[in-house]
Amino acid sequence: MPTPTDSSAVHLPASLEENKIVALPSCAYYISDFITEEEEHAILRKVETAPKARWRQLTHRRLQTWPSDLVKNALIDSQPLPDWLQQPIISRLLSIPVSDSEPNIFASSPHGRPNHVLINEYPPSSGIMPHKDGSAYFPVVCTVSLGSSLCLNLHRSKEDGTLDPEPVWRILQEPRSLLITTGDLYTDYLHGIDPISVDVNLSEETIANWTLLRSPSQFEDGQHERQTRISLTYRDVLKVSKLGGKLGPLFKRP
Ligand SMILES: O=C(O)CCC(=O)C(=O)O
């Protein structure tokens, strides 16, 4: 029963199979109500009040890396993720079975849970170039979106290896949602976000996860003006170096 302060509720499926984005190759899942508004605001406050040195300013966006940057594709085993990045997101993530035989999406990853989080801040008109996430990570990415909706584009490479700039699919990510990408989507496709202020041409025909959206009616005029969006991307870094024990202070961030 929601309390008077609960302005939204969490809706988790019995298994991820229920929330599979069926229009996409294996495999992606979308849960629109993964965290509540109160949880969203609490995490946003933590992101905003992180020490200034946590932010890396890129040309059009800012980035925080938790618990630390990778060194030669390895995580230096100096600090765990802070509690506010673990609760409620990681515990909730690990509570959802993929299927009858797979207890959660990180069940076969080396550490059984994500150990690394990138926090990207996208003001309107900023994005991220199409890219692959590479070999440092177990091939599962869990993205929690905060603050605003926007479209993630999935691209193929052309036969000559260059990027096909026309996305093959688009996924609309609403605030408080969770998107999980894995399998072929992780290894064979590139993902990126257009640097635009309004996402256009939004419809059931053009958005792969349309039927899983919280409120498709919000987008029925086919467009959405972006506000600042923060994303948290959770991954399991395959290699964790014990070097941190000896050289920890060198790699520690505030
Ligand atoms: O912000 C997002 O949804 C995507 C972030 C991203 O592409 C990445 O962290 O590699």
| said: Can you tell me how the stretch 20-125 classifies by the Cα gyration tensor, rounded, prolate or oblate, using a/c under 1.5 as the rounded cut? | reply: prolate
| request: State whether the stretch 19-251 is rounded, prolate or oblate according to the following rule on the C-alpha gyration tensor (a ≥ b ≥ c being the square roots of its eigenvalues): a/c under 1.5 gives rounded; otherwise a/b larger than b/c gives prolate, and the remaining case gives oblate. | output: rounded
| query | Does the stretch 39-96 come out rounded, prolate or oblate by the C-alpha gyration tensor, with a ≥ b ≥ c the root eigenvalues, rounded set by a/c under 1.5 and, if not, prolate when a/b is larger than b/c and oblate if not? | reply | oblate
| query | Each residue of the stretch 168-175 in turn: what ³J(HN,Hα) in whole Hz from Karplus with 6.51, -1.76, 1.60 and θ = phi - 60°, glycine and Pro shown as x? | reply | 7, 9, 10, 10, 8, 10, 8, x
| So what does K158 come to for accessible area, using a 1.4 Å probe and Å² rounded to 10? | 100 Å²
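At a 1.4 Å probe, what is the % contribution of carbon and sulfur to the accessible area of the chain?
After summing per-atom areas, the C and S share lands at 52 percent.
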| note | Result for the chain: accessible area per residue, probe 1.4 angstrom, in square angstrom, of 48 Å²
| task | Work out, step by step, the length gained on full extension between H11 and E48: first 0.36 nm times the residue separation, then minus their alpha carbon distance; give nm to one decimal. | result | 10.7 nm
| remark: Answer in debye to the nearest 20: the dipole magnitude of the chain about its Cα centre, from +1 Lys/Arg and -1 Asp/Glu charges placed on Cβ, is 1560 debye
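The values are calculated or read from the model by the stated rules, or taken from the named source; none is laboratory data. A quick note: this is a predicted structure, and the numbers were derived from the prediction, not measured. Cβ: placed from backbone, ideal geometry, glycine included. Neighbour counts: every protein chain shown. Ligands, DNA and RNA are stripped out before the accessible areas are found, and what is left, the full protein with its side chains, is counted by its heavy atoms. Shrake-Rupley method; radii C 1.70, N 1.55, O 1.52, S 1.80 Å.
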